[in-house]
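A short reminder: the numbers here are calculations on the coordinates, not readings from a lab. These figures come from a predicted structure and were not determined experimentally. Every residue, glycine among them, receives a Cβ derived from its backbone with ideal geometry; neighbour counts consider all protein chains shown.
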Amino acid sequence: MRNAQSLRNRGRIRMLLEFEIENEAAFAVESTFSLVASKLAEKSSAAVRSVGDIANTEALTAALILGKNGSGKSTLISTLRFVSHFVNVSALDSRVDAKLPYSPNLLVEGYAQKPTRYRVLFSVQDTVYEFEFSYVRERIISERMEIADKSTRFRKLYTRDWDEISGIYKYTFGEAMSGSRQIWARNTRPNALYLSTASQLNAEVLLAPFQWLSSFIATASVNPTFGDDTTAKMCFEDDKFQSQVVRFLRSMDINVASFEIERENVDRSIFEKTFSKEFIENVLLSSDVVDSGFRMNVRFRKDTKSGQETALSINSESTGTQSLFMLAGPLFQALKTGQCLVIDEINTSLHPIVVQHLISLFSDPELNARRAQLIFTSHDVSVLRDDLLRRDQIWLIENDGYSAEIVALSDYSPRRGEALERGYLSGRYGGVPILSSDFLRGNDDTES
C-alpha cells in the first residue's frame, strides 16, 4: 500500500507505482500490485529508479506475474489496458445510455451486484497522483483524485459519489481544484469519468494526470494470430524506424536485411458478412484491421547463402520471428516515451534468452533513460534463475477456484540467493496448479 511519507518525487519522472483491483472477473476482494521497490537487500539495484527525495522511495522498471492457467493473470493485464482506454474515451461517447463493461465476480457471495473498483498510484514529473473509480453497468458509482505535490501529504482534488436515495451525484472539491469545476460536473454523464470530461473541457489542473492515465500503457502481443499492425505501420511511415527494427531483429539473430511493406485496403463489409458482431468486436478489432479499413502486408528481405537477397512473406516466418517483429514497435515506443509496456504470456513464442534480454533492456539506465516499465506474465520460470529479477519484481496470482489474489513473492520471505525457480515449481510460494490423474481412473474406456 502507499507510503505517503515517501511519494514526493523529483525531476521529470513518469512511473506507475501501484494498481489495485476489486470485483473484476476472477478478482473479488481488493488486491494490489506494486512497482514500489522493497527495502530487501538485493544483489542488484539495476532495475530500481528513484522517485522521491523525502524517504528515498524507489520504483521498479520491470515485474513478472506468475500463476496457473485460469488464475487471473490475463484479467490483470486487460484491466490495466481498460483503465487507460476508458480514461481516454469515456467523455467522447455521446450515448448517455451506453452500458459500461461490468464483469463482477460471480463465484463469491455478495459480489454479483457490487461495483468494480480500480485504484492507480503514479508519478508525473514533480507530482504523485492517486486516482480511483468504481462503477456498475449503468453508471460510475464513485470517483476521486488526490495529489501530493507541495508536501508528503496527499490533498484532495475532487470526489464524486452517486447518492442512490436522491438520484444525483455529490461532488466535493479541494482547494487545489481550480477552474469551472461545477460546469465540468454538470457536463459529466453518468457513464463517463469526471476526469475525462473536465480534461476535454480544458481543466488545466487535471491535464497532467489525464494525459498520463490515457496513454501510459503500451500493449504488445507475442501471439501472431491476434497481433496488430503497430510495428508495420511505424515502419511504413518512417524509414529510420524501419532501419531500427532491422537492427533489433538482427541483434536477436534473425536473418533480415530490410522490409517491403504495402498497405492494402480492406472492405469491412466482408468481415461483417463472414463473422458475428461479437467476434469482430472482441477479436478482429483488437488487430486494428477492421477498424482502420486497411492492413499491412510485410515481406522480409533476407540474405541468401549465395550473397543475394530474396523477399519472403512475414507469414512464412516462424511464430517467434513474427512475435519479435510485432513486439518491436511497442517496445521502442515505450522506451522512447517512458510508457509501461504490458505483455501477456511473453513465453508463448519467445525464447527464454530473448525474454531475459528484454528484461535487461529495461534495467539499463542508458537505454531506458525515460524510465519505461515492463509488466509481463509468463509460465516460463527460467527467468527466476541467476538473479535476473529481484525478489520484489516477482508477483503471484493465487486462485482458490472462486477468486484471485495478487501476492508478492516477498510475502513468502525467500532468502537472498534462494533458488527461486526450484522453490516456485515445488509449490513453496503458491501460484502453481494442483494436478491429478484421477480423471483417468474408473473410466470404463480405460479398464481392461
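Given their separation in residues at 0.36 nm each and the Cα-Cα distance between them, Ser178 and Leu312 gain 42.4 nm when the chain is fully extended.
What is the gain in length, in nm to one decimal, between Asp163 and Val29 on full extension, counting 0.36 nm per residue of separation less the C-alpha to C-alpha distance? Full extension of this stretch gives 45.9 nm more.
Extension gain, Gln113-Leu207: 0.36 nm per intervening residue step, less the Cα-Cα distance, totals 30.6 nm. The charge dipole of the range 132-217, taken about its Cα centre with unit charges on the Cβ of Lys, Arg, Asp and Glu (plus for the first two, minus for the last two), comes to roughly 80 debye. Summarising the label geometry, the points placed 7 Å from Cα in the beta-carbon direction at Lys99 and Ser251 lie 4.7 nm from one another. Sorted on the mean count of surrounding Cβ atoms within 10 Å across their residues, most packed first, peptides 243-251, 389-397 read 389-397, 243-251.
Ranked by how many other Cβ atoms sit within 10 Å of their own Cβ, fewest first, the residues Lys73, Lys156 fall in the order Lys156, Lys73.
For Lys240, the lysines whose Cα comes closer than 24 Å to its Cα, not counting residues fewer than 8 places off in the same chain, are Lys302, Lys336.
Taking other Cβ atoms within 10 Å as a rough exposure proxy, Asp229, Asp364 sort from fewest to most as Asp364, Asp229. Each label point was placed 7 Å from the Cα along the Cα-to-Cβ direction; for Leu92 and Glu421 their separation is 4.4 nm. Here Lys156 is the anchor, and the lysines within straight C-alpha reach of less than 19 Å, apart from those fewer than 8 places off in the same chain, are Lys170.
Spacing of the modelled spin labels on Ala41 and Asn265, each 7 Å from Cα toward Cβ, amounts to 6.8 nm.
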